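Below you'll find the structure, written out as structure tokens, and then a few comments.
The values are calculated or read from the model by the stated rules, or taken from the named source; none is laboratory data. Quick caveat, the model's predicted, so the values are computed rather than measured. Cβ atoms come from the backbone with ideal geometry, glycine included; neighbour counts cover every protein chain shown.
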Amino acid sequence: MSHYIDITLLPDPEFSHAHLLGALVAKLHRALVGLEAEDIGISFPQYSLRPRSLGGMVRLHGDEAGLRSLMVQAWLQGMRDHVTVSETMPVPPGATYRLVQRRQFKTNAERLRRRRMRRKGETAAQAAAAIPDSVERRPDLPYAHMRSASTGQPFCLFVEQVEASSEVLGAFNRYGLSQGATVPWF
């Protein structure tokens with residue numbers, strides 16, 4: 001994680017900030033899938049819990065060659081009028097580290113019951129006994145609105161950024177998130 005690129009969303013009268021951020025993260029996801037990249041991480045420098053927001057900037061982390069190979073792809077096509085993209089720059093000395101990870105929550109007990117009924121052949125009463133309303137969680141983390149490429153279903157990609165005491169090397173998923181690897185924070 002020696003280098004980074006900042007991608008900043010520009011204000012747009014036709015599209016909401018949330019819509020543009022979701023589109024940007026979706027395009028990045030497709031590009032990382034196409035490259036089969038596990039060495040590019042993401043962070044959100046303007047991340048905020050109050051008010052809940054990922055902010056208006058996405059920072060890509062990686063080595064210089066990996067970031068350059070991503071940026072020569074046409075993955076930002078259609079977004080160029082909505083973003084500014086920095087040059088590939090070295091991480092400043094003295095940067096700390098953050099773990100940027102996806103968090104998934106059981107947010108709808110009724111959907112979980114229907115799924116259980118399909119999978120286990122249970123009745124509605126059996127599924128309701130196995131999955132009480134108390135399993136539902138109301139997450140308070142920032143998120144990006146996404147749409148699954150495989151099913152077409154909308155979902156929220158909840159993101160948690162946590163301070164880390166030191167750099168942890170590892171792989172990143174196709175969203176640029178990791179359950180253990182860290183990215184520089186500055």
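Regarding ALA144, is this residue part of a strand (DSSP E or B) and touching a helix residue (DSSP H, G or I) at 6+ places or on another chain (Cβ under 8 Å)?
Spelling it out, ALA144 is indeed part of a strand (DSSP E or B) and touching a helix residue (DSSP H, G or I) at 6+ places or on another chain (Cβ under 8 Å).
Out of everything in the range 158-186 that is in contact with a His (Cβ under 8 Å, 6 or more places away or on another chain) and outside any loop (DSSP other than H, G, I, E, B), what residue ends up being nearest to ASP39 (Cα to Cα)?
Among them, the one singled out is VAL183.
Identify, from the list LEU32, LEU21, the residue that is assigned to a helix (DSSP H, G or I), at pLDDT 95 or above, closer than 14 Å to TYR175 by Cβ and out of contact with any strand residue (DSSP E or B) (no Cβ under 6 Å at 6 or more places or on another chain).
After applying the criteria, what remains is LEU32.
Select from the range 81-103 the residues that are in a loop (DSSP other than H, G, I, E, B), loosely packed, with under 13 Cβ neighbours inside 10 Å, out of contact with any Pro (no Cβ under 9 Å at 6 or more places or on another chain) and not charged (D, E, K, R) and list them in ascending order. Even if it seems obvious, please write down each step before you answer.
From the range 81-103, those in a loop (DSSP other than H, G, I, E, B) are 81-82, 86-88, 91-95; that's our starting set.
Filter again for loosely packed, with under 13 Cβ neighbours inside 10 Å, leaving 81, 87, 92-94.
Adding the requirement that they be out of contact with any Pro (no Cβ under 9 Å at 6 or more places or on another chain) leaves 81, 87, 93-94.
Across the range 81-103, the qualifying residues are PRO93, GLY94.
Condition check: modelled with pLDDT under 95 and either closer than 21 Å to PHE186 by Cα or not in a helix (DSSP H, G or I) (or both). Does GLY78 satisfy that?
Here the answer is yes, as GLY78 does meet what is asked.
So ALA128 fits all but one of (1) assigned to a helix (DSSP H, G or I); (2) surrounded by 16 or more Cβ atoms within 10 Å (Cβ to Cβ); (3) under 27 Å from the mean Cα position of the chain (by Cα); what number is the exception?
(3)
Test VAL100 against the criterion of being in contact with an Asp or Glu (Cβ under 8 Å, 6 or more places away or on another chain) and touching a residue at least 24 places away in the same chain (Cβ under 8 Å), and give yes or no.
Here the answer is yes, as VAL100 does meet what is asked.
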